[in-house]
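The values are calculated or read from the model by the stated rules, or taken from the named source; none is laboratory data. Quantities reported herein were computed from a predicted structural model and do not represent experimental measurements. Note that we place each Cβ from the backbone using ideal geometry, even for glycine, and neighbour counts take in every protein chain shown.
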Amino acid sequence: VVILDYGGPSTAAEEIANMVPEKKRQQVRVLDVAAGTGLVGCHLHKKGFTNIDALEPSEGMMNILKKTGVYTLKYQEFIGTGHSTVPKDTYEVVVVCGSLAPGHIQVEGINDLINVAKPGGLVVILMRLEFFLTHDEYKDKMENFMDRLEKTNVWRK
């Protein structure tokens, strides 16, 4: 597997590895949301995670990520619609890297990420600061949404 020089996937894997002890990485179930070509999964695998599933709506991307050999289950569907077939309360780690972006996963899609995470699980989101601060789909919406989730004890930041 060739890993291209794009920083998001390696940063995501590094942050997750910092939160999951090495001795638990083989048992932890991870869902890579909007997995694309599988770069996050490849980086996680290099850090000792072996129970990684992928959710990716694009058939073309899915065909590429299958070739990495690091994913167990593969869901070819969109997330953020409220109609995911991914079982609820399943994953200790849910990661989305680069897909909270204009035209992709909307702020409300975070609910689907939370639903598939086990209670107490990690939901790791990496997105461009530019979108978070300036784009109408996220500016003044995402932070407020996350604050509401925290106030209702759905998650902690």
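How many residues does region 139-157 contain that are outside any helix (DSSP H, G or I) and surrounded by fewer than 14 Cβ atoms within 10 Å (Cβ to Cβ)?
7
Could you please let me know if Gly120 is out of contact with any helix residue (DSSP H, G or I) (no Cβ under 8 Å at 6 or more places or on another chain), of a type outside the set (Val, Ile, Thr) and at pLDDT 90 or above?
yes
Might you let me know whether region 82-99 holds any residue that is modelled with pLDDT under 90 and in a strand (DSSP E or B)?
yes
Sort out which residues of region 6-27 are buried (at least 21 other Cβ atoms within 10 Å of the Cβ) and either under 14 Å from Val123 (Cα atoms) or free of Cβ contacts under 8 Å to residues at least 24 places away in the same chain (or both), and write them in order of number.
Within region 6-27, Ala12, Ala13, Ile16 meet the criteria.
Does Ile79 qualify as being touching a strand residue (DSSP E or B) at 6+ places or on another chain (Cβ under 8 Å), surrounded by 15 or more Cβ atoms within 10 Å (Cβ to Cβ) and part of a helix (DSSP H, G or I)?
No: the conditions fail for Ile79.
Can you name the residue in region 53-76 that is touching a Leu at 6+ places or on another chain (Cβ under 9 Å) and polar (S, T, N, Q) and, of all such residues, is surrounded by the most Cβ atoms within 10 Å (Cβ to Cβ)?
Thr68
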